[in-house]
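Input: a single structure, listed below in structure tokens.
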Amino acid sequence: MSTPSHEGSADAGSAHAGSANAGSANASGGGELPVVWFDRPAGRLQRELLEGRARIADVRGNDPLEGIETAQGAIVGAAIRYDRNVYERAPNMRVIARAGIGFDNLDLDDATEFGIAACNTPDGPTVSTAEQAVALIFAITKGVRESVDRLEAAEGGYWARHGHLELRGSTLALLGLGRIGGYVASVMSAVGMNVVAYDPYVSDERIAELGVQRASTPADAVSVAHVVSVHAPLSDATRHLVDADLLAAMIDGVYVVNTSRGGLVDQDALLAALSADKVRGAALDVTEPEPLPPDHPLLGRPDVVVTPHVASATVAGRRRIFMHAVAEVMTALDGSKPPNMLNPQAWPGRNA
């Protein structure tokens, strides 16, 4: 498993205003302004941030790359794979910014080959995503959905049948201790949980600062945990990090939470563990695919809570993400190396 500082996270949604009239290559400034492309309709927030600085091109029709041919810069989400097939349609593109922390959908080698600076916004979604992880930990360990379902079905016997977890004195295992994982560690330590973390890239000083116990392997981390929360980036090395073997290493009745990337959890293995009562409950903001189809077996279960990859999409989180993404793009278009460039070997590339 690899957990660099660019931690997987939740994707930033669009602040789409229904009255927006910023169509493809719609001008928001003079004719000499650069064009910044969005892979979804640009709303009031995006127009406000770029007013007088760039023209906006965005997607309004069925073509997911509508207008990209005109773009010098792009601000994108997680739904599209950005590789040479996309870059070949964007001969003028100089910089692409992922609106979020996770950048597994950006092919950095291809971006470098085309001379395109690739960036992300690692500080944008941290607080909102960490708060969602904490909310999901509470929701699933307190059996909120089960209790609501039983009450609405008038089943009775609520108190006797509840039997969930008191968090104080219990153990939380974090798979990944980057920005979001570290924030979760601080909050849940304050709640009174013992926190153990696996992250080979985090310094001993950071471990000590957070007051958590370091685990040498993922299995070591989860073997003592009542709750396991996933905060790793998605890569070839971490795909299905939480698989049947790692689930088997967990204690019986464990709770599993994932707010990072759906591909980090083998959902078939998770379903089997839930059905066998190995896992007492699961809470997921990210899934594979996204969104889950209505008939997916993870949906409709009283022991599972699924939210549709919205962890970072608070009002404050969304604004912070797009402020940072615009800053990355405009820095590059102004001729300076952006601070959160993921492929520094590509500089200056097309920005020369």
Place a +1 charge on the Cβ of each Lys and Arg in the range 31-180 and a -1 charge on the Cβ of each Asp and Glu, then give the dipole magnitude about the Cα centre in debye, rounded to the nearest 20.
-> 440 debye
Please work out how much length the chain gains when fully extended from Asp204 to Arg44, using 0.36 nm per residue of separation minus the C-alpha to C-alpha distance, in nm with one decimal.
-> 53.2 nm
For the chain, the Rg and Dmax computed from alpha carbons only, in angstrom = 21.5, 70
Hey, rough spin-label estimate for Ser147 and Ser336, points 7 angstrom out along Cα→Cβ, what's it come to in nanometres?
-> 5.1 nm
Per-selection metrics, the range 200-317 (Cα): Rg and Dmax in Å = 14.8, 46
With at most 11 other Cβ atoms within 10 Å, longest stretch of the chain clear of loop GluC sites (Glu not before Pro) (DSSP) | 167-352
Where Lys and Arg each count +1 and Asp and Glu each count -1, what net charge lies around Gln72 among other residues with Cβ under 10 Å from its Cβ?
-> +3
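Looking at the chain, send over the antiparallel percent of its DSSP beta bridges, to the nearest 5.
Taking every DSSP beta bridge with both residues in the chain, the antiparallel ones total about 5 percent.
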Starting from the amide H of Val35, placed 1.01 Å from N in the peptide plane, find each other amide H under 5 Å away whose residue is 5 or more places distant or on another chain.
-> Arg55, Gln72, Gly73
Between Val191 and Leu298, what FRET efficiency follows from the Cβ-Cβ distance if R0 is 30 Å, with the result rounded to 0.05?
-> 0.65
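If you put +1 on each Lys and Arg Cβ and -1 on each Asp and Glu Cβ, how big is the dipole of the chain around its Cα centre, in Debye rounded to 20?
Values: 29 positive and 43 negative charges, 183 e Å.
Its charge dipole is roughly 880 debye.
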Per GNM of the chain with C-alpha springs under 10 angstrom, the most fluctuating residue out of Ala57, Ala190, Ala153 is Ala153
5 Å-binned pair-distance histogram of the range 151-221 (Cα, whole percent) | 3, 16, 24, 17, 10, 6, 8, 7, 5, 2, 0
Relative contact order of the range 249-352, pairs being alpha-carbon contacts under 8 Å that are 6 or more residues apart, as % = 21 percent
Label points 7 Å out from Cα along the Cβ direction at Ala154 and Asp243: separation in nm?
-> 4.9 nm
Who wins for biggest fluctuation among Ser229, Ser128, Ser147 in a Gaussian network model of the chain, springs between alpha carbons below 10 Å?
-> Ser147
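Determine the sum of side-chain charges near Val254: Lys and Arg each +1, Asp and Glu each -1, restricted to other residues whose C-beta is under 11 angstrom from that of Val254.
Summing Lys/Arg as +1 and Asp/Glu as -1 gives 0.
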Around Ile137: net Lys/Arg minus Asp/Glu count, Cβ-Cβ under 14 Å | +1
Convex hull (Cα only) mean projected area of the range 173-264, reported in nm² to one decimal = 5.5 nm²
Förster radius 30 Å - calculated FRET efficiency between Leu108 and Phe138, Cβ distance, rounded to 0.05 = 0.25
Calculate for the chain the 222 nm mean residue ellipticity that helices alone would give, adding -39,500 (n - 2.57) per DSSP H run of length 4 or more and normalising by residue count, nearest 500 deg cm²/dmol.
-> -8500 deg cm²/dmol
How high is the relative contact order of the chain, given as a whole-number percent (alpha carbon pairs under 8 Å, six or more residues apart)?
-> 23 percent
Among Phe322, His162, Leu49, the residue whose Cα sits farthest towards the positive end of the charge dipole of the chain, when +1 is placed on the Cβ of each Lys and Arg and -1 on the Cβ of each Asp and Glu, is Leu49
Counting only protein heavy atoms, what percent of the accessible surface of the chain is carbon or sulfur at a 1.4 Å probe?
-> 51 percent
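Leaving out ligands and nucleic acids, and using a 1.4 Å probe, what accessible area per residue does the chain come to in Å²?
Here the residues of the chain average 41 Å² of exposed surface.
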Taking the Cα-to-Cβ direction at Glu166 and at Arg60 and moving 7 Å from each Cα, how far apart do the two end points lie in nm?
-> 6.0 nm
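The values are calculated or read from the model by the stated rules, or taken from the named source; none is laboratory data. This structure is a prediction, so every number in the text was calculated from the model and none was measured. Backbone-built Cβ (ideal geometry, glycine too); neighbour counts: all protein chains shown. What goes into the accessible areas is simple: the full protein's heavy atoms, side chains included, and nothing from ligands, DNA or RNA. Shrake-Rupley method; radii C 1.70, N 1.55, O 1.52, S 1.80 Å.
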